[in-house]
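Taking it in order: structure first as structure tokens, then the write-up.
The values are calculated or read from the model by the stated rules, or taken from the named source; none is laboratory data. Just so it is clear, the model here is predicted, and its values are computed rather than measured. Here the Cβ positions follow ideal geometry from the backbone for every residue, glycine too, while neighbour counts run over all protein chains shown.
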Ligand SMILES: Cc1cc2nc3c(=O)[nH]c(=O)nc-3n(C[C@H](O)[C@H](O)[C@H](O)COP(=O)(O)OP(=O)(O)OC[C@H]3O[C@@H](n4cnc5c(N)ncnc54)[C@H](O)[C@@H]3O)c2cc1C
């Protein structure tokens, strides 16, 4: 199948303006006749629901949590990028675009990535107008700090709680629309099926998580903003409720899944401490503005960090990447941390950690300045590790954090299923093979506040408001499918808890499909995940009833999806015989050990079509064309 990105022609900087002009509009009086379902209330879904309702559409919004403002976006710490150039340090839309496309190792669409940089400034204005309390400098302008992969300061932040403040902004706008009756909010609902009528997305079936009942909801278009799939690794920095379920349901109904092997392993997380841990904690990348990363020069040096003199320390990021130093992008910083530990130079009780040291910053700026910038993160670290990071260097290690892959979308953020739009981390769109820090919040809000309001109008303007309703047979069929799946889970009556099986899946994925992968390991992982999937369906323990509040059943459904989805990730990682960004295939590296792309054979988006249960997925590709930037070996030296 030929995948059409629908990216408009013309000069890069004019594409979005031109496209907005050329798209058809829905008359203001007609907007209320169109029903739109938005699944997800994180930054992408929350901003989309509020904005679409403000425009006049009739919106139904769904989320798993008890309140829209408990979506995982609330956990985001470090900041959000925008090309405002307030510090006057050489930033521009073009530079943000270039940094993002280079950061993603030239595996994203030029037109999408440029548009993201273009609307970034509007996001900051919108959020300030909502009252988001961004940090300010001495003159009152919004303050900025630096994030990885950039040599300018363009990250706007609210201490270490940027996601929370941004989400409160979006949530306030959403609440206003709920109060006006333009958004009908359905919390504690899990979308369990996408409903297609004549090949178009026309609704969803949701499970009420309190009563266990199914509910059918029809619409003229469905927007998925359901987040990423980082929890396939079991241990990750994501909220434990993050899951791939909604995207996977859409995939099984024909939506293509793009680049599933592109996952981000974040370099600065609190190291794993034991088998019974269910979650990992991020230490924001902003800490690398002032913290210096190091390991002992000699393998096996077990001295306490403060007893190791300067001459015994290797500040390996500063040594290997002098231009970017500690702010090397995440994929590179993570891979290097792993290499140091593999060489036996890792620290801490397990040997799987490196130091992040603030001694120099504290001596230079004083403890109060450091506390003002990062106090809540330092407190969090001390609460978890019981060590004072103002006095002893932090210990950090990479962990699963973000997923660049997602449902395939065109320039309008519409999937290959007509009427199904995908926003935020759930789509694959703008970050290529590696996302730069502080760009996920930017993308989620760009999609929700500034892109979908135009492009969904362009789609609806060419569509009559639906005459279908939730009594249509398609809804009955979808409900039956969901019900059968749930009954099958409850009928297993096995012996192993779902968490236990999920943990095993995490071990397999972490061992063979994380920031460094190779053919032998991936082939082994494919077999191991298939065996584990078989075991799940024979031996999982799913207690309780279906028409009830049943957390074990919720988890079981999500883990069943993860088990199948893991195979898709591995298949994609095996098929991409090159290294790019977070996908580092050990067979393909430069003499200096850096990722080696194969632009001749792999300069494309891999989009996978569901091939049936237990069958191989079908491969499609969208070639990537670069008209404005030159493909080059990515270097941060
Ligand atoms: C600890 C941490 C810190 C981070 N810090 C930063 C940062 O500083 N800067 C940055 O740019 N990025 C950061 N990120 C990444 C960023 O937070 C996420 O990529 C982003 O918030 C995702 O937003 P989203 O709206 O796409 O999805 P989410 O916020 O994950 O929201 C998903 C929504 O979908 C709903 N949902 C999911 N499945 C279903 C279903 N089946 N049915 C119904 N509802 C469903 C959920 O209930 C939720 O409402 C961080 C990530 C983590 C884990």
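Of note:
- With respect to the stated conditions, residue 97 is within 25 Å of the chain's Cα centre (by Cα) and either under 28 Å from residue 582 (Cα atoms) or not in a loop (DSSP other than H, G, I, E, B) (or both).
- Residue list for region 544-576, filter: surrounded by fewer than 19 Cβ atoms within 10 Å (Cβ to Cβ), in a loop (DSSP other than H, G, I, E, B) and in contact with a helix residue (DSSP H, G or I) (Cβ under 7 Å, 6 or more places away or on another chain): 544, 546
- When the test is whether a residue is touching a strand residue (DSSP E or B) at 6+ places or on another chain (Cβ under 7 Å), in a loop (DSSP other than H, G, I, E, B), closer than 28 Å to residue 547 by Cβ and at pLDDT 95 or above, residue 211 does not pass it.
- On inspection, residue 375 does not qualify as surrounded by fewer than 22 Cβ atoms within 10 Å (Cβ to Cβ) and in contact with a strand residue (DSSP E or B) (Cβ under 8 Å, 6 or more places away or on another chain).
- Looking only at residues of region 190-205 that are touching a residue at least 24 places away in the same chain (Cβ under 8 Å) and surrounded by fewer than 24 Cβ atoms within 10 Å (Cβ to Cβ), we find that the one that is nearest to the ligand (Cβ to nearest atom) is 190.
- Filter result for residue 115 (under 20 Å from the mean Cα position of the chain (by Cα) and either closer than 16 Å to residue 442 by Cα or surrounded by 23 or more Cβ atoms within 10 Å (Cβ to Cβ) (or both)): yes
- Matching residues, region 580-630, being without any contact (Cβ under 8 Å) to a residue 12 or more places away in the chain and assigned to a strand (DSSP E or B): 589, 618
- Criterion violated by residue 72 - all others in (1) more than 10 Å from the ligand (Cβ to nearest atom); (2) more than 28 Å from residue 459 (Cα to Cα) satisfied: (1)
- As a summary of the residue check, residue 138 satisfies the conditions (1) in a loop (DSSP other than H, G, I, E, B); (2) touching a residue at least 12 places away in the same chain (Cβ under 8 Å) except for the one numbered (2).
- Residue that is surrounded by the fewest Cβ atoms within 10 Å (Cβ to Cβ) [pool: residues in region 431-456 that are more than 10 Å from the ligand (Cβ to nearest atom), more than 11 Å from the chain's Cα centre (by Cα) and within 19 Å of residue 80 (Cα to Cα)]: 450
- When region 150-189 is filtered for residues that are outside any helix (DSSP H, G or I), more than 15 Å from the ligand (Cβ to nearest atom) and out of contact with any strand residue (DSSP E or B) (no Cβ under 7 Å at 6 or more places or on another chain), the ones remaining, listed by number, are 151, 152, 180, 181.
- Region 414-430, subset part of a loop (DSSP other than H, G, I, E, B) and surrounded by fewer than 24 Cβ atoms within 10 Å (Cβ to Cβ), residue nearest to the ligand (Cβ to nearest atom): 417
- Total residues in region 26-68, condition closer than 22 Å to residue 224 by Cα and either away from the ligand (no atom under 13 Å from the Cβ) or surrounded by fewer than 24 Cβ atoms within 10 Å (Cβ to Cβ) (or both): 20
- Considered as a group, the residues in region 77-93 that are at pLDDT 95 or above and more than 15 Å from residue 142 (Cβ to Cβ) include one that is nearest to the ligand (Cβ to nearest atom), and that residue is 93.
- Among the candidates 328, 337, 361, the residue that is buried (at least 22 other Cβ atoms within 10 Å of the Cβ) and either touching a strand residue (DSSP E or B) at 6+ places or on another chain (Cβ under 7 Å) or at pLDDT 95 or above (or both) is uniquely 337.
- All of 415, 429 fail the test of being modelled with pLDDT under 95 and either touching a strand residue (DSSP E or B) at 6+ places or on another chain (Cβ under 6 Å) or within 20 Å of residue 243 (Cα to Cα) (or both), apart from 429.
One line per residue, one yes/no per condition, for (1) within 9 Å of the ligand (Cβ to nearest atom); (2) touching a helix residue (DSSP H, G or I) at 6+ places or on another chain (Cβ under 9 Å); (3) free of Cβ contacts under 8 Å to residues at least 40 places away in the same chain:
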| site | (1), (2), (3) |
| --- | --- |
| 210 | no, no, no |
| 232 | no, yes, no |
| 237 | yes, yes, no |
| 243 | yes, yes, no |
| 247 | yes, yes, no |
| 289 | no, yes, no |
| 296 | no, yes, no |
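- Any pair with Cβ under 7 angstrom, 6 or more apart, that starts in region 71-88 at a residue that is free of Cβ contacts under 8 Å to residues at least 60 places away in the same chain and ends at one that is more than 6 Å from the ligand (Cβ to nearest atom): 86/141; 86/142; 86/144
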